[in-house]
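Asker: My structure is below; once you've seen it, I'll send some questions.
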Amino acid sequence: MNYAIVPAFLLLLILITQIGSVNALLSFVDEKDNIYLLKSSPFKASDIVLAKYLLSLVEVTLTAAPIIGFLAYFIRIEGSFYLLTLTAPLVLIFSATGVMVGAYVPVFTNEPSDLPVPLAFGFPAINIGFGVLLMAIVAIYGGDMQLVQVMPAFVVVAVLGLLALATVALRSYK
């Protein structure tokens, strides 16, 4: 039974975090036609992106933490605490992905209130790709102390890269 429930638990963990991170995507999309105000504000583009990212982290944490807590309580599997440690990297990366994709919406469309279909489907695909990479890192380095070094390094590089892409998108908006 544990062999079937562990992948299901991981899939639910990824999906719940994915659903919670939709707020990060909407942080720029909700600006609608006022996105030019962000562009013309006295703040640097990197400060705006970082502020949207930090707010989305708070929102995702407040949304996903109770659901994941109930999930871990009701689906009692061996090693669930070990699996729950993946929640923080997933939240960090998925929020950065949402901010990055949301920042590209005004760049790719003249109607920022409508999310383009490729971006709408690209957001979960990117997140699932990152989720698979995180699971692969855990599977490869699971019993090794290098996991303590590899996982944070991967998360930091991924988050900084995604936020840098969001900053580029905000700067390229005309």
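Asker: Which residue pairs have Cβ atoms closer than 7 Å, lie 6 or more positions apart in sequence or on different chains, and pair a first residue in region 148-174 that is touching a residue at least 24 places away in the same chain (Cβ under 8 Å) and among the charged types (D, E, K, R) with a second residue that is assigned to a helix (DSSP H, G or I) and buried (at least 18 other Cβ atoms within 10 Å of the Cβ)?
Answerer: Listed by first residue and then by second, the contacts come to Arg171/Ala45.
Asker: Looking only at region 57-68, count every residue that is surrounded by 14 or more Cβ atoms within 10 Å (Cβ to Cβ) and either without any contact (Cβ under 8 Å) to a residue 24 or more places away in the chain or not in a helix (DSSP H, G or I) (or both) and tell me the total. Even if it seems obvious, please write down each step before you answer.
Answerer: Just the residues of region 57-68 that are surrounded by 14 or more Cβ atoms within 10 Å (Cβ to Cβ), to begin with: 57, 59-61, 63-65, 67-68.
Keeping just the survivors that are either without any contact (Cβ under 8 Å) to a residue 24 or more places away in the chain or not in a helix (DSSP H, G or I) (or both) gives 65.
Within region 57-68, residues that are surrounded by 14 or more Cβ atoms within 10 Å (Cβ to Cβ) and either without any contact (Cβ under 8 Å) to a residue 24 or more places away in the chain or not in a helix (DSSP H, G or I) (or both) number 1.
Asker: If we only count helices (runs of 4 or more DSSP H) wholly inside region 71-151, which ones have 2 or more residues that are buried (at least 19 other Cβ atoms within 10 Å of the Cβ), modelled with pLDDT of 80 or more and among the hydrophobic types (A, V, I, L, M, F, W, C)? Outline the logic, then answer.
Answerer: Working: elements: 80-84, 87-108, 117-141.
Because the criterion is at least 2 residues that are buried (at least 19 other Cβ atoms within 10 Å of the Cβ), modelled with pLDDT of 80 or more and among the hydrophobic types (A, V, I, L, M, F, W, C), the helices (runs of 4 or more DSSP H) in region 71-151 that meet it are 87-108, 117-141.
Asker: Quick test of your reading of the structure: Lys32 fulfils all but one of (1) at pLDDT below 80; (2) surrounded by fewer than 18 Cβ atoms within 10 Å (Cβ to Cβ); (3) over 14 Å from Leu170 (Cα atoms). Name the failing condition by number.
Answerer: It is condition (3) that Lys32 fails.
Asker: I've got another one for you. Within region 35-56, track down each residue that is assigned to a helix (DSSP H, G or I), among the hydrophobic types (A, V, I, L, M, F, W, C) and surrounded by fewer than 18 Cβ atoms within 10 Å (Cβ to Cβ).
Answerer: Leu37, Leu50, Ala51, Leu54, Leu55
The values are calculated or read from the model by the stated rules, or taken from the named source; none is laboratory data. Everything numeric here is computed off the predicted structure, so don't read it as measured data. When we count neighbours, we look across all protein chains shown, and the Cβ atoms used for this are built from the backbone with ideal geometry, even at glycine.
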